[in-house]
Amino acid sequence: LPGGTRSEPPIAHAIEEKMLLKETSTRDTLEFEAFQPREATESTELTDAPETSEVELSVPGRICLFGEHSDWSGSIMRKSNPEVAAGLTIVCGIGYGLRARVHRLKERILRVRSVAGREVHEVELPLDDEEALAEIAREGSFFSYAAGVAYKISTEFKVGGLFVDNFETTLPLRKGLSSSAAFCVLIARSFNTMYALNMTPRGEMEVAFQGERLTPSQCGKMDQCVAYGCVPVVMRYDGDILCAKPAKLGGVFYIVLVDLKASKSTVEILKGLQSAFPFPRTEEDRNMHRLLGDVNLKLASEALECLERGDASALGVLMNKAQEEFDRWASPLCPTQLGEQGSPVLHRVLRYGPIQDLIFGGKGVGSQGDGTAQLLCRNESSMHAVCKVLEADLGVECMTV
């Protein structure tokens with residue numbers, strides 16, 4: 001993570017972040033106007049618009065340093081039960097993500113091509129058939145996310161056809177790095193860019209979130225932070241109110257992301273944890289409320305202070321503590337995916353002896369489970385040493401942030 005005199009994290013495969021942030025020298029909060037749908041004009045009412053020149057777009061993935069799951073509890077669940085605590089997360093876009101070339105189509109369809117590793121997926125979605133888009137979104141297939149966002153776009157705006165060629169994906173899929181949210185934002189940003197829809201990053205984020213909620217994935221709003229690019233952001237959730245601002249970093253933090261080369265089910269994890277909400281029925285449910293409430297607010301607030309001081313050592317201690325609390329209180333609600341039993345690969349990496357002198361601490365990423373681990377390293381040389389050891393000894397894949 002950048003800090004001090006370093007202003008940018010490493011960028012994998014030269015992903016050029018084109019951040020749509022409005023910042024001023026007198027205010028450090030992100031400008032968050034919601035999108036403003038415009039009256040149809042010759043440039044927006046384009047059902048038979050000609051194909052136009054190509055534009056290249058990119059959207060990064062993200063890591064959640066602290067506060068995972070408190071986004072949906074503090075926003076969605078708090079609206080049904082005011083006793084649910086507000087949420088607090090510290091998130092950051094990373095230099096791994098999606099790149100796409102985009103252009104308009106004459107026919108009113110959304111054509112998507114996506115390259116992920118050796119796999120190439122292609123689909124055509126009918127923008128004039130809302131029922132078909134909703135049905136495809138509910139299926140939970142590879143392109144359900146595109147269908148969900150297309151449904152929201154086609155019902156909110158007057159747009160024509162679009163071709164999105166996601167020609168490069170450097171972000172591991174289903175690893176807790178918000179690959180699905182990045183894809184949703186990519187579709188929203190593509191329509192926004194090609195049809196001048198006047199959406200701010202917050203607008204793109206909201207459309208992407210609403211589109212993803214049409215799929216079996218029931219993630220919270222934290223993941224759509226990818227709309228803001230590669231910056232660390234503090235996000236607070238209080239029902240329908242979302243507040244965010246850049247985190248002030250007092251130093252350089254060296255983080256290794258470890259693709260555990262295992263498997264996890266975010267849908268199963270969310271189903272288990274969300275069963276404790278909005279109203280707790282058992283002691284396990286009440287413990288989950290405390291974890292995403294008082295426990296999370298204390299840990300995330302202390303972590304923010306560490307980031308501002310540049311205190312990596314103390315931040316590492318908090319990471320270990322956060323993982324310990326999560327294992328203790330969350331795993332009983334989803335034992336097949338969480339804790340020592342449900343995520344053995346994650347815990348093996350976190351406790352692997354040969355790297356302990358090279359790191360300050362570590363924890364799971366995103367919804368947790370055997371997707372990705374994040375390790376806070378002591379310095380740059382330690383960061384590279386951790387990658388070398390883990391890849392050689394455990395057969396995992398490491399990425400530096």
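The values are calculated or read from the model by the stated rules, or taken from the named source; none is laboratory data. These numbers were taken from a predicted model, which means no experiment stands behind them. Note: ideal-geometry Cβ built from the backbone for every residue, glycine included; neighbour counts use all protein chains shown. Ligands, DNA and RNA are excluded from the accessible area calculation, which covers all protein heavy atoms including side chains. Shrake-Rupley method; radii C 1.70, N 1.55, O 1.52, S 1.80 Å.
Go through the stretch 113-134 residue by residue and tally those that are assigned to a helix (DSSP H, G or I) and either within 23 Å of Val267 (Cα to Cα) or among the β-branched types (Val, Ile, Thr) (or both).
3
Restricting to the stretch 377-394, and then to whatever is more than 25 Å from the chain's Cα centre (by Cα) and open to solvent by less than 50 Å² (accessible area, probe 1.4 Å), can you tell me which residue is farthest from Ser263 (Cα to Cα)?
Ranking the qualifying residues of the stretch 377-394, first place goes to Ser382.
Looking only at residues in the stretch 174-205 that are out of contact with any Phe, Trp or Tyr (no Cβ under 9 Å at 6 or more places or on another chain) and in a loop (DSSP other than H, G, I, E, B), which one is nearest to Leu260 (Cα to Cα)?
Residue satisfying both the conditions and the ranking: Lys175.
For the stretch 91-107, does any single residue satisfy the condition of being touching a residue at least 12 places away in the same chain (Cβ under 8 Å) and in a loop (DSSP other than H, G, I, E, B)?
Yes, some residue in the stretch 91-107 is touching a residue at least 12 places away in the same chain (Cβ under 8 Å) and in a loop (DSSP other than H, G, I, E, B).
If I filter the stretch 319-339 down to residues being part of a helix (DSSP H, G or I) and either at pLDDT below 95 or of a type in the set (Gly, Ala, Ser) (or both), which single residue comes out as farthest from His384 (Cα to Cα)?
Top of the filtered list is Ser331.
Please work out which one of (1) β-branched (Val, Ile, Thr); (2) under 17 Å from Gly67 (Cβ atoms); (3) at pLDDT 95 or above is the condition Thr282 fails and give its number.
Just one mismatch for Thr282, condition (2).
Within the stretch 348-376, track down each residue that is assigned to a helix (DSSP H, G or I) and open to solvent by less than 10 Å² (accessible area, probe 1.4 Å).
Result: Val349, Ile355.
Restricting the first residue to the stretch 112-131 and requiring it to be open to solvent by 100 Å² or more (accessible area, probe 1.4 Å), which pairs with a second residue that is assigned to a strand (DSSP E or B) meet a Cβ separation below 6 Å and a spacing of at least six or different chains?
Glu122/Arg113; Glu124/Ile109; Glu124/Arg111
Could you list all residues from the stretch 137-159 that are of a type outside the set (A, V, I, L, M, F, W, C) and in contact with a Phe, Trp or Tyr (Cβ under 7 Å, 6 or more places away or on another chain)?
Within the stretch 137-159, just Tyr145 meets the criteria.
Which residues, taken from the stretch 144-164, are open to solvent by less than 20 Å² (accessible area, probe 1.4 Å) and not in a helix (DSSP H, G or I)?
Result: Phe157, Val159, Gly160, Gly161, Leu162, Val164.
What's the total number of residues in the stretch 96-123 that are of a type outside the set (A, V, I, L, M) and touching a Ser or Thr at 6+ places or on another chain (Cβ under 8 Å)?
Final tally of qualifying residues: 10.
Would you say Ala137 is under 16 Å from Leu57 (Cα atoms), part of a helix (DSSP H, G or I), open to solvent by less than 10 Å² (accessible area, probe 1.4 Å) and not polar (S, T, N, Q)?
For Ala137, the condition - under 16 Å from Leu57 (Cα atoms), part of a helix (DSSP H, G or I), open to solvent by less than 10 Å² (accessible area, probe 1.4 Å) and not polar (S, T, N, Q) - is not met.
Filter the stretch 191-203 for residues that are surrounded by 24 or more Cβ atoms within 10 Å (Cβ to Cβ) and either at pLDDT below 95 or touching a helix residue (DSSP H, G or I) at 6+ places or on another chain (Cβ under 9 Å) (or both) and give the result.
Phe191, Asn192, Met199, Pro201, listed by residue number.
Only one of Leu307, Leu291 is over 30 Å from Arg189 (Cβ atoms), open to solvent by less than 30 Å² (accessible area, probe 1.4 Å) and of a type outside the set (D, E, K, R); which?
Result of the check over Leu307, Leu291: Leu291.
A quick yes/no check of all residues on (1) open to solvent by 70 Å² or more (accessible area, probe 1.4 Å); (2) in a strand (DSSP E or B):
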residue	(1), (2)
Cys225	no, no
Val234	no, yes
Leu242	no, yes
Val256	no, yes
Ser263	yes, no
Lys271	yes, no
Phe279	yes, no
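Using the structure shown, decide if Ala86 is open to solvent by 10 Å² or more (accessible area, probe 1.4 Å), within 30 Å of Phe277 (Cα to Cα) and either in contact with a helix residue (DSSP H, G or I) (Cβ under 7 Å, 6 or more places away or on another chain) or hydroxyl-bearing (Ser, Thr, Tyr) (or both).
When the stated conditions are applied, Ala86 passes them.
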